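Below: the structure, in structure tokens.
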Amino acid sequence: MVVVGTFLFVRLTLFLIQYIKKSDERTIYIIPFLSLIYCCFNPMAMALTVNSLSILFFISFLPSTLSIILKPPAIINFGDSNSDTGNLISAGIESLNPPYGQTCFKLPSGRYCDGRLIVDFLLDAMDMPFLNPYLDSLGLPNFKKGCNFAAAGSTILPANPTSVSPFSFDLQISQFIRFKSRALELLAKTGRRYERYLPPSDYYAKGLYMIDIGQNDIAGAFYSKTLDQVIASIPSTLETFEAGLKRLYEEGARNFWIHNTGPLGCLAQNIAKFGTDSTKLDEFGCVSSHNQAAKLFNLQLHALSNKFQAQFRDSNVTYVDIFSIKSNLIANYTQFGFENPLMVCCGVGGAPLNYDSRISCGQTKVLDGTTVTAKACNDSSEYINWDGIHYTEAANHFVSDQILTGKYSDPPFSDQMPFLLSLKY
């Protein structure tokens, strides 16, 4: 009976902690008095209760960032193809054909993948709906829980005439500002008519702003610059990124979730272009220069994130080390159930890369006098790389699972507190 009673007391306390509002944190002090009353009626339970309270108080005084990150009312996402759910396709700049989307959606969904992206798995874990792309006007998009401004090919720096995407980080933020202004205008003018489809005003301050961008700035720079020149350009690129963060802050954003960039040298596209000389490859077959630049970019991005947090004390900045997760996956791929760390699932040419830059996944072209089609492999779950640039759904699932352990975040959040997360797998 003592154990049962203590268990019920702990459950009641957890319930109170979960629903204590940030604006009235003094409510937490009722818990010791509840404990005292309980122990008076159950003296034998005192030891169990004290131990339970020590754990509960540790949890209750964790930074508010934790609950905000894991239970946000809305998600606003910025980035490139790593998190684009359909913007570049909706803009009519590119098109995707089968087998894109085959694993999950059974047809192309606007994602540069055979199925779901990292952002999809993260939202699913937060019990949130997938994000509708800002530019997709069909299918009755619902933006109540957030909006996605990421577009494939996008960069931190402003686009130039040769850019794949015109939607640079700054332009995506301008789109968000327009979205916010128009949404609030509609809600104010039409009463409750659009409440089901648009976020209320308080969601913009309480929401989570996810950012995954920078990969194209680094990878693209290598086509015209040396390694030293690419490294020298990183500070100015991150100055533009910081200016974007400040614009978002001025618009009321307070909770930021920032992904660093992955091991670019391990993408088949870069290996095929810059790795023809084996001396330029590392022990895993990746282009050393690209990974070196990515590491330096990430080091400075991490410093920028800490600087921003210190400068704007009411903000919550979480930096996520995607590079380490993906590098670990590639280095130990068999341990995680994969069979091909670098070879492309949907491509042509066969081993070792099955990649040809002249033809994209799903296309049919005449190459060297022969008609060829870039077809998908039989089982994409055995592959890390989908099309030479992007990861498979299986790899994205692995990466998201690792993110959710909290071990790759700064500040970290504990994987020992599952009641704060609605994990579905």
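Quick look at the numbers
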| item | result |
| --- | --- |
| Selection from 146, 191, 158 lying farthest towards where the dipole of the stretch 143-198 points positive, charges on Cβ | 191 |
| Size of electric dipole in the stretch 149-268: Cβ of Lys, Arg +1 and of Asp, Glu -1, about Cα centre, debye, nearest 20 | 660 |
| Relative packing of 273-279, 231-237, 353-359, which averages over residues the other C-beta atoms within 10 Å, highest first | 353-359, 231-237, 273-279 |
| Anchor residue 295: lysines whose Cα lies under 26 Å away (excluding residues fewer than 8 positions away in-chain) | 225, 246, 273, 280, 307, 326, 407 |
| Exposure rank, largest accessible area first [336, 241; 1.4 Å] | 336, 241 |
| Under the Karplus curve 6.51 cos²θ - 1.76 cosθ + 1.60, θ = phi - 60°, whole-Hz ³J(HN,Hα) for the stretch 192-201, x wherever Gly or Pro sits | 9, 4, 10, 4, 6, 10, 10, x, x, 4 |
| Sequence-distant residues sharing a close amide H with residue 257 (under 5 Å, placed H) | 209, 210, 211, 318 |
| Positive-end residue, the stretch 318-418 charge dipole about Cα centroid, Cβ charges, pick of 327, 357, 399 | 357 |
| Accessible area expressed per residue, the stretch 297-425, with surrounding protein chains retained (probe 1.4 Å, Å²) | 46 |
| Average projection area in nm² (convex hull over Cα atoms of the stretch 258-370, one quarter of hull surface) | 9.4 |
| 5 angstrom amide H check on residue 146, placed H, neighbours 5+ away | 75 |
| Residue-level accessible surface for residue 201, protein heavy atoms, 1.4 Å, Å² | 80 |
| Surface share of carbon and sulfur [accessible, 1.4 angstrom probe, percent] for the stretch 95-216 | 54 |
| Contour minus Cα-Cα distance for residue 405 and residue 195 (0.36 nm per residue) | 72.2 nm |
| Surface accessible to a 1.4 Å probe, per residue, for the residues of the stretch 161-208, Å² | 58 |
| Among 139-147, 367-375, the order from most to least packed when residues are scored by Cβ within 10 Å on average | 139-147, 367-375 |
| Per-residue SASA entry for residue 226, accessible area with 1.4 Å probe, Å² rounded to 10 | 80 |
| Residues residue 279 and residue 186, FRET efficiency given R0 of 60 Å [Cβ-Cβ distance, rounded to 0.05] | 0.50 |
| Charge dipole magnitude, Cβ of K and R +1, D and E -1 - the stretch 276-425, Cα centre, debye nearest 20 | 380 |
| Cross-link partners of residue 145 among aspartates and glutamates (Cα-Cα below 14 Å; sequence separation of 8 or more within a chain) | 120, 124, 127, 195, 202 |
| Relative contact order of the stretch 274-325, pairs being alpha-carbon contacts under 8 Å that are 6 or more residues apart, as % | 20 |
| Per-residue HN-Hα couplings for the stretch 352-359 [Karplus 6.51, -1.76, 1.60; θ = phi - 60°; Hz; x = Gly/Pro] | x, 10, 6, 9, 9, 5, 7, 9 |
| Chymotrypsin sites (Phe, Trp or Tyr not before Pro) within the stretch 177-230: DSSP coil, no more than 10 neighbouring Cβ in 10 Å | 223 |
| Gain upon complete extension [residue 312, residue 162; 0.36 nm per residue less C-alpha separation] | 50.4 nm |
| Cα-centre dipole for the stretch 227-312 with unit charges at Cβ (Lys and Arg positive, Asp and Glu negative), debye to 20 | 160 |
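The values are calculated or read from the model by the stated rules, or taken from the named source; none is laboratory data. Predicted, not measured: the structure shown is a model, and the values here were computed from it. Note: ideal-geometry Cβ built from the backbone for every residue, glycine included; neighbour counts use all protein chains shown. The area values use the complete protein model at the heavy-atom level, side chains included, leaving out ligands, DNA and RNA. Shrake-Rupley method; radii C 1.70, N 1.55, O 1.52, S 1.80 Å.
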